[in-house]
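Colleague: Following this message is one structure expressed as structure tokens.
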Amino acid sequence: MSKKIKKLRNFNSLLRSVNQKLTMEIIQRKAAENKLKTAYQQLSDIIEFLPDATFVIDKNRTIIAWNKAIEEMTGVKKAEMVGKSDYAYAVTLFGQDRPLLMDMAMNPEKEIEPQYNFIKRINGIIYAEVFVSSLYSGKGAYIWIKAQPLFDSEKNIVGAVESIRDITARKEAEAILQRDKDSFENLTKERTKQLLEVQKKLADAKHLSEIGSLAATVAHELRNPLAAIRTAAYNISKKSSSPRLKSHLSNIEKKVLESNQIINNLLSYSRIKVPHFEEVKICKILEECIDAAKDRYYKWDVKLTKKLLCRKNDIINADPYQMRELFNNLLNNGYESFLEKKGKLVIFAQYQSPPGFFTASFSDNGIGISPGDLKKLAEPFFTTKSKGTGLGLTVCQQLVRLHEGKLDFQSEIGKGTQVTVTLPIERKPA
Ligand SMILES: Nc1ncnc2c1ncn2[C@@H]1O[C@H](COP(=O)(O)OP(=O)(O)OP(=O)(O)O)[C@@H](O)[C@H]1O
Ligand SMILES: [Mg+2]
């Protein structure tokens, strides 16, 4: 009996000690559980507190955290999301059930999805940038996303966390900055170009006005003595009956007239004014100039052909006097290209609206111009003629420029020259 009692007692004390151990273990486990709960709560609070939209999934892709910021971004509450799986977060965020960055983060072997504007994997963390039109109740937002896997103490992947930052304001500011930078650069380029053009025009104008005022002064000073010479020659011829003397005097008069012509050229050059624009029947003016040129050179053996494709009332905005001056100079040059006073001159004009231009070409089969001389044509006083002033084309170039048109030359030595004038029908508004 006492043996039995002893055995029972021993068993009882064993039971007690096991019981004690179990109670201790339960207490410890409870404490550990509480610790875990506290840690979990703290972690949840931290995630909740984060300013960036953040959510966490476990390894089965079930959502275990969905913070305040992502609630605001998506408009979907935490209570609706926590516990959901099967890419529910992708549907809420992108409207599509497809793997997200965090899925790629959990699976390092997985190919990076191409639907992001920018995506990079650095040391296991994936960064991406994308515009999502459904966010903020359809307002849309540019977002910067960062996702990384979560590990347990044995380095096994147990889930993933994804954090999303709204960078719309920054993106918009960048776009505005870029736009401003581009338009500023374009404006600077445009202004620099305009400045350079004005600078060139100013330099040209200064150069021409200096030459112009010199030419005007010289021409003016020469006019009076020439007039005196002419009167004196006339008076002498009246008083003399000697034919030899008369012939000398008539020679003097001829030279005086030639000199006067040169003076007139100089004066017309120095007096180029701002055009007085009016509606002019340009073909009519050209026709009158052609007729006047034929009269001037009536003794020359020149076959002049004209083809003027204008209707009766075709008009352009121009200064009629300056147009005459332009055509007369070009016609004179055409005639003067025939050293033997013999040749062919073709004048072709066309009124084209659209494109809104009047063109006139003057083609001769005269001596032609060398490539070297072609470059010097508009230089003041460039001439190859013994009696030329070399101002005709300088004047033409100026007049055409004042009318916002252009002059083109094509020439071959021994074959002839073609000069083409292009003038706009309407003036550009200032
Ligand atoms: N149709 C042409 N054929 C050949 N050479 C030409 C023609 N037109 C112009 N030239 C050349 O260009 C030069 C300059 O012409 P520009 O009309 O400016 O002066 P110019 O005719 O010599 O003198 P002017 O001041 O009397 O007109 C001429 O001297 C001539 O060498
Ligand atoms: Mg000339």
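The values are calculated or read from the model by the stated rules, or taken from the named source; none is laboratory data. Only a predicted model underlies this, so the values are computations on that prediction, with no experimental measurement involved. Every residue, glycine among them, receives a Cβ derived from its backbone with ideal geometry; neighbour counts consider all protein chains shown.
Colleague: Answer with yes or no whether Gln20 is of a type in the set (S, T, N, Q), part of a helix (DSSP H, G or I) and modelled with pLDDT of 90 or more.
Modeller: Considered against the rule, which asks whether it is of a type in the set (S, T, N, Q), part of a helix (DSSP H, G or I) and modelled with pLDDT of 90 or more, Gln20 comes out as yes.
Colleague: Looking for whichever is assigned to a helix (DSSP H, G or I), in contact (Cβ under 8 Å) with a residue 24 or more places away in the chain and within 36 Å of the chain's Cα centre (by Cα) here; the options are Lys181, Lys206, Lys200, Lys171. Which one fits?
Modeller: Residue meeting the stated conditions: Lys171.
Colleague: From the list Val302, Val280, which one is surrounded by 15 or more Cβ atoms within 10 Å (Cβ to Cβ) and within 16 Å of ligand 1 (Cβ to nearest atom)?
Modeller: Answer to the selection: Val302.
Colleague: If you take the residues of the stretch 380-403 that are in contact (Cβ under 8 Å) with a residue 12 or more places away in the chain and loosely packed, with under 15 Cβ neighbours inside 10 Å, which of them is nearest to ligand 1 (Cβ to nearest atom)?
Modeller: The residue in question is Lys385.
Colleague: So which residues in the stretch 317-332 are more than 22 Å from Ser363 (Cβ to Cβ) and either touching a Gly at 6+ places or on another chain (Cβ under 7 Å) or in a helix (DSSP H, G or I) (or both)?
Modeller: Pro320, Tyr321, Gln322
Colleague: Continuing with the same structure: Could you figure out which of (1) within 23 Å of Lys68 (Cβ to Cβ); (2) touching a Phe, Trp or Tyr at 6+ places or on another chain (Cβ under 7 Å); (3) not small (Gly, Ala, Ser) isn't true of Tyr136?
Modeller: Evaluating Tyr136 over (1) within 23 Å of Lys68 (Cβ to Cβ); (2) touching a Phe, Trp or Tyr at 6+ places or on another chain (Cβ under 7 Å); (3) not small (Gly, Ala, Ser) leaves (2) as the failure.
Colleague: So how many residues does the stretch 371-430 have that are within 14 Å of ligand 2 (Cβ to nearest atom) and part of a helix (DSSP H, G or I)?
Modeller: 9
Colleague: Answer yes if at least one residue in the stretch 345-363 is within 11 Å of ligand 1 (Cβ to nearest atom), out of contact with any helix residue (DSSP H, G or I) (no Cβ under 7 Å at 6 or more places or on another chain), touching a residue at least 12 places away in the same chain (Cβ under 8 Å) and not aromatic (Phe, Trp, Tyr), and no otherwise.
Modeller: The answer is yes; a qualifying residue exists.
Colleague: Does Glu221 satisfy the condition of being over 29 Å from Asn265 (Cα atoms), acidic (Asp, Glu) and part of a helix (DSSP H, G or I)? Spell out the reasoning first.
Modeller: Details: over 29 Å from Asn265 (Cα atoms): no; acidic (Asp, Glu): yes; part of a helix (DSSP H, G or I): yes.
No; evaluated as a whole, the condition is false for this residue.
Colleague: Continuing with the same structure: In the stretch 34-92, which residues are assigned to a strand (DSSP E or B) and of a type in the set (Phe, Trp, Tyr)?
Modeller: Phe55, Trp66
Colleague: Next question, about the same structure. Given the conditions (1) within 14 Å of ligand 1 (Cβ to nearest atom); (2) in a strand (DSSP E or B), and given that Leu339 satisfies all but one, which numbered condition is not satisfied?
Modeller: (2)
Colleague: Please pick out the residue among Phe151, Phe55 that is among the aromatic types (Phe, Trp, Tyr) and buried (at least 20 other Cβ atoms within 10 Å of the Cβ).
Modeller: On inspection, the qualifying residue turns out to be Phe55.
Colleague: Condition (residue is within 15 Å of ligand 2 (Cβ to nearest atom), part of a loop (DSSP other than H, G, I, E, B) and either basic (Lys, Arg) or more than 33 Å from the chain's Cα centre (by Cα) (or both)) applied to the stretch 356-367: is it met by at least one residue? First the steps, then the outcome.
Modeller: From the stretch 356-367, those within 15 Å of ligand 2 (Cβ to nearest atom) are 362, 364, 366-367; that's our starting set.
The next check asks that each one be part of a loop (DSSP other than H, G, I, E, B); those that pass are 366-367.
Remaining after also requiring either basic (Lys, Arg) or more than 33 Å from the chain's Cα centre (by Cα) (or both): 366-367.
Within the stretch 356-367, one or more residues are within 15 Å of ligand 2 (Cβ to nearest atom), part of a loop (DSSP other than H, G, I, E, B) and either basic (Lys, Arg) or more than 33 Å from the chain's Cα centre (by Cα) (or both).
Colleague: Restricting attention to the stretch 357-373, which residues are surrounded by fewer than 20 Cβ atoms within 10 Å (Cβ to Cβ) and in contact with a strand residue (DSSP E or B) (Cβ under 6 Å, 6 or more places away or on another chain)?
Modeller: Within the stretch 357-373, Phe357, Thr359, Ser361, Ser363, Asn365, Gly368 meet the criteria.
Colleague: I would also like to ask the following. Please verify whether Asp314 is more than 10 Å from ligand 1 (Cβ to nearest atom), part of a helix (DSSP H, G or I) and either within 36 Å of the chain's Cα centre (by Cα) or farther than 20 Å from Phe277 by Cα (or both), treating the condition exactly as stated.
Modeller: no
Colleague: Just to be sure, is Ser268 touching a residue at least 12 places away in the same chain (Cβ under 8 Å) and closer than 26 Å to His403 by Cβ?
Modeller: When the stated conditions are applied, Ser268 passes them.
Colleague: Mind counting the residues in the stretch 103-148 that are under 19 Å from Val76 (Cα atoms), assigned to a loop (DSSP other than H, G, I, E, B) and in contact with a Gly (Cβ under 8 Å, 6 or more places away or on another chain)?
Modeller: Qualifying residue count for the region: 2.
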